[in-house]
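Worksheet: one structure, shown below.
The values are calculated or read from the model by the stated rules, or taken from the named source; none is laboratory data. What you are looking at is a predicted structure, and each value in this text was computed from that prediction instead of being measured. Using ideal geometry, Cβ is built from the backbone for each residue, glycine included, and neighbour counts are taken over all protein chains shown.
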Amino acid sequence: MSSPAFAPTHATGPRTKAGKATSSQNSLKHGLASGTLLLPGEDPAAFEAFHQSLIADHAPNGATEKLLVQDMAKHHWLMDRAIRLQSEALQSDDMHKFALFLRYQTTNHRAFHKSLTALQLTRKQFVSQSKKEDLQTFEQDFSALISGSYSTADRQHFNQKYGLEPLKSSADQNRLPRNQRK
């Protein structure tokens, strides 16, 4: 029996958007290696609540920190899924799947901590840079203060800006260099 002239020699796959969307899920077994974060049956609100709790805990500033917190949420979510799947594999006595899910758990655990460490380093570098700038400003202000170019009002502003108490007693005044005593 011969095939019709219009029959393809091999499958061409879906052609509509709906068909492509459906077929893209064909190989989705556990969702740990796919680009899909939420599987059917998982609660998007639970993920969002967890993500928001991480945002509240870490208060990200800027796009980089927000991405790192988002990565932390994603990896923790996938790690939890891997743990649930390990439990199912143990119940069905499938040690091959258990080992696979254990590897996914470990991978996502490491990725979570890598994102957390990157977030902490980003903040440490920002604080370090900020402290350097603050120290430079303080040094400039202090140099101007001791050079005598500051007025009494400027000295009061300096004290307020840096949280310093002005010297009030004569004993305190005697500790100042002579050119700065009142």
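General remarks:
- Checking each residue in region 51-98 for being more than 19 Å from residue 31 (Cα to Cα) and acidic (Asp, Glu) picks out 57, 65, 93.
- Number of positions in region 112-135 that are under 23 Å from residue 73 (Cα atoms) and of a type in the set (Val, Ile, Thr): 2
- Yes/no for residue 117 being assigned to a helix (DSSP H, G or I), free of Cβ contacts under 8 Å to residues at least 24 places away in the same chain, of a type in the set (Ser, Thr, Tyr) and closer than 19 Å to residue 33 by Cα: no
- Identity of the residue in region 1-40, within 28 Å of residue 78 (Cβ to Cβ) and polar (S, T, N, Q), that ends up modelled with the highest pLDDT: 36
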